[in-house]
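Input: a single structure, listed below in structure tokens.
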Amino acid sequence: MVELRSLSTRVFGHAHEHHASLGSTNDRAASWLREGGPHGLVVTAETQSAGRGRNGRSWSSPPGGNLYVSVGLRVGSARRDLSALGLVVGLGLYEGLGPIEGLGLKWPNDVLVGHRKLAGVLCESRWAQDVEVVVGFGVNLRREGIDPALHERAVALDERVAGPVERAGLLARLLEALERRLDAFLLMGFDEHRQAYLDANVQIGTRVRVVSGDESFEGVAVDVDEDGALRVRTDEGLKVVRAGDVNRVR
Ligand code: BTN
């Protein structure tokens, strides 16, 4: 059970539903928004039967103490830099989870410890009277709860911090950090957050392989532009990556 008692946010999490089991918390948050739910609503679940990841992948969501969370946002109008929202979410999670040695971001918004993934983000939006955005994130809290097939690529928080992880307290910290970043982003845009994002991203300045649609290439990750797209220097010149997977070249 995740109960948000000691929460010091402005609105995030003031409306909160916790479910024993859902298909996907993102779907429940989207339908709650459609039914008129407020900006900042939060849906959590113990387990998901159809957890979704980025790029059409699934998100393994066993019961046993991980975090599966969706936050519903109402964004005033369609805006050019909305594509950067996911990066700002990654930054908020990075700040809420830290400090942890080796913590960093991988474009666009995976939270890593070393080279293994601690948390992932899936943002989905719908254009209605206002733009309804669902920010979904999953955080691995207990090594025991991770599918053994993923052990090489995934890391849990209890491998990195001493003592038990208090789930409700952590969720409150994450929502506070997310709200701080997203409030400022929705008011002033991505520019305010760009340098902090670049500082947290462990791929900037390193050689990466990009797979984006049918295209695949290697180069050095240079920075992100004002819309959050990744710029990669290749032998053929600078390429701008708006979607896809970016992995280090070993
Ligand atoms: C990724 O890294 O591929 C994104 C993973 C996002 C998983 C979370 S868990 C809560 C929310 N509900 C979902 O179905 N997906 C997101």
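The values are calculated or read from the model by the stated rules, or taken from the named source; none is laboratory data. Everything quoted here is computed from the prediction, not taken from an experiment. Because the Cβ atoms are built from the backbone with ideal geometry, glycine has one as well, and the counts that use them run over all protein chains shown. The protein model used for the area step is the full one, side chains on, heavy atoms only, and it has no ligands, DNA or RNA in it. Shrake-Rupley method; radii C 1.70, N 1.55, O 1.52, S 1.80 Å.
Numerical summary
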item: Karplus-derived HN-Hα couplings along region 230-244 (A = 6.51, B = -1.76, C = 1.60, θ = phi - 60°), whole Hz, x at Gly and Pro; result: 8, 9, 10, 7, 10, 4, 8, x, 7, 10, 10, 9, 9, 8, x
item: R0 of 22 Å, Cβ-Cβ distance Arg10-Arg80: FRET efficiency to nearest 0.05; result: 0.30
item: Amide hydrogen neighbours beyond the local backbone of Leu67, cut-off 5 Å, H modeled; result: Val139, Leu141
item: Residues with amide H under 5 Å from that of Asn201, placed H, sequence gap 5 or more; result: Leu105
item: Per-q log10 I(q)/I(0), the chain, q = 0.07, 0.11 Å⁻¹ (Debye; single scatterer per alpha-carbon; no solvent); result: -0.22, -0.56
item: Among Ser60, Ser77, Ser21: highest mean-square fluctuation, GNM of the chain, C-alpha pairs under 10 Å; result: Ser77
item: Alpha-carbon centroid distance for the pair region 163-193 / region 14-69, whole angstrom; result: 17
item: Charged-residue dipole, Cβ positions (Lys, Arg, Asp, Glu), region 207-248 about Cα centre, Debye nearest 20; result: 200
item: Computed helical MRE - 222 nm, the chain, DSSP H runs ≥ 4 contributing -39500 (n - 2.57), nearest 500; result: -7000 deg cm²/dmol
item: Accessible surface of region 133-237 [probe 1.4 Å, protein heavy atoms]: carbon and sulfur percent; result: 46
item: Size of region 184-244 as Cα extents on the principal axes (Å, biggest first); result: 36, 22, 17
item: Net charge of Cβ neighbours under 12 Å - reference Leu67; Lys, Arg +1; Asp, Glu -1; result: +1
item: Derived scalar couplings ³J(HN,Hα) [region 118-133; Karplus, 6.51 cos²θ - 1.76 cosθ + 1.60; whole Hz; x for Gly, Pro]; result: 9, 8, x, 10, 10, 9, 10, 9, 9, 8, 10, 4, 10, 8, 9, 10
